[in-house]
Amino acid sequence: MTQPNDMPLTRAEKRQARRFRQFDNPWLNPKLIWGAGLLLSIVLIGLLGRFVWDLDLVFTGSSPLKLPPIGFENLRGQSGVAAHPIGTDGGGRDMLAMIIVGAPNTLFVGLLASLIGMSIGIFLGFSAGFLGGRVDDTIRVGADVMITIPPLLILVVFQSAFGDVSLTMMALLIAGFVWQSPTRLIRAQVLSMKQSGYVQMAQLSGASTSHIMFREMMPNLVPYLFGSFIASVTTSIVTAVGLEVLGLGPQRIPTLGRTIYEAINAGALIQNLWWWWGIPTLLLGIIFIGLLLINLGLDEVSNPRLRKLS
């Protein structure tokens, strides 16, 4: 490959050409691959860990108290052992078993809450943008009102009233506060797309409202839907962890937020039991980095201008 003046391409130009070619297939976006890989690793921890580790160690008193990870010592001079490679907590529970059970549970709450919230947002956003009139006014005002309410404070009241809840109930409660942003985004996009030529042609041809919404408009909204979904997952996980760190949420089901709450409540910071709260915090960081990379990757795949700047 040569330039018009028959001069060979420089090394930088060849590297840039290879970078452009990789976007011919959107799934080869490096950020998207790395982000999906990080989240997949969290899922595999829960799926494969159940077959290679004894999950009975997740129960209180099943292990020695406050053992450090291998290669470290605690304040009592005890060293880590191979039977508990990343240590134990103050309740005599194996940290690896807690992570195998807790990390997928935290991701599950975020995904389920976002899936429900996105479903509500898609329905309301399409209804408001396409039908207009009083339907649009009602949905728009409702979303504007809900988005101004601090969700964490309301959820604290709800969780306190319900007491011990399941992961599914917690996801349902959080879903009630993550539908507003997708609704507003989809409504704005539908309003702009409703005047496009292909939508008007579909209307003139007698296509049904549902056909126009979900067969004509929906494919063009996929990048926005993915981006909004990833943002909702992040918000849902942050909200769930915030509730759990306050001592709310599931009481008997291990999650990353619940583990951090128990560590703080037991004075792990003062006792230098850094692995009790540090390892769950690290995994939360990995989850958030993975979600961020997926969001950036989707933006680059759907936006040619961002690809040129990469």
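The values are calculated or read from the model by the stated rules, or taken from the named source; none is laboratory data. Note that the structure is a prediction, hence the values are computed from the model and not measured. When we count neighbours, we look across all protein chains shown, and the Cβ atoms used for this are built from the backbone with ideal geometry, even at glycine. These area figures cover heavy atoms from the full protein model, side chains too; ligands, DNA and RNA do not enter into them. Shrake-Rupley method; radii C 1.70, N 1.55, O 1.52, S 1.80 Å.
Return yes or no: is Gly102 under 30 Å from Asp54 (Cβ atoms), buried (at least 23 other Cβ atoms within 10 Å of the Cβ) and not aliphatic (A, V, I, L, M)? Criteria met by Gly102.
Across the stretch 105-133, the qualifying residues are those that are surrounded by fewer than 24 Cβ atoms within 10 Å (Cβ to Cβ) and among the hydroxyl-bearing types (Ser, Thr, Tyr), and the one among them that is nearest to Ser232 (Cα to Cα) is Ser119.
Within the stretch 236-260, residues that are hydroxyl-bearing (Ser, Thr, Tyr) reach partners that are at pLDDT below 85 and open to solvent by 20 Å² or more (accessible area, probe 1.4 Å) with beta carbons closer than 9 Å, at six or more positions or on different chains, in the pairs Thr239/Pro151; Thr239/Leu152. Checking Ile237 against (1) modelled with pLDDT of 90 or more; (2) over 23 Å from the mean Cα position of the chain (by Cα): exactly one of these is not met. Which one? The number of the failed condition is (2).
When Ala161 is tested against (1) at pLDDT 90 or above; (2) surrounded by fewer than 22 Cβ atoms within 10 Å (Cβ to Cβ), only condition (1) is not met.
Comparison of Gly77, Gly71 shows that the only residue that is farther than 20 Å from Leu107 by Cα, open to solvent by 70 Å² or more (accessible area, probe 1.4 Å) and either at pLDDT 90 or above or not aliphatic (A, V, I, L, M) (or both) is Gly71. Of all residues in the stretch 189-202, those that are exposed (fewer than 14 other Cβ atoms within 10 Å of the Cβ) and either part of a helix (DSSP H, G or I) or touching a Ser or Thr at 6+ places or on another chain (Cβ under 8 Å) (or both) total 5.
Those helices (runs of 4 or more DSSP H) of the stretch 206-310 in which at least 1 residues are closer than 17 Å to Ile42 by Cα, of a type in the set (A, V, I, L, M, F, W, C) and open to solvent by 30 Å² or more (accessible area, probe 1.4 Å), considering only elements entirely within it, cover 218-245, 274-302. Among the residues of the stretch 134-151, those that are surrounded by fewer than 13 Cβ atoms within 10 Å (Cβ to Cβ) and within 17 Å of Gly117 (Cα to Cα) comprise Asp144, Val145, Thr148, Ile149, Pro150.
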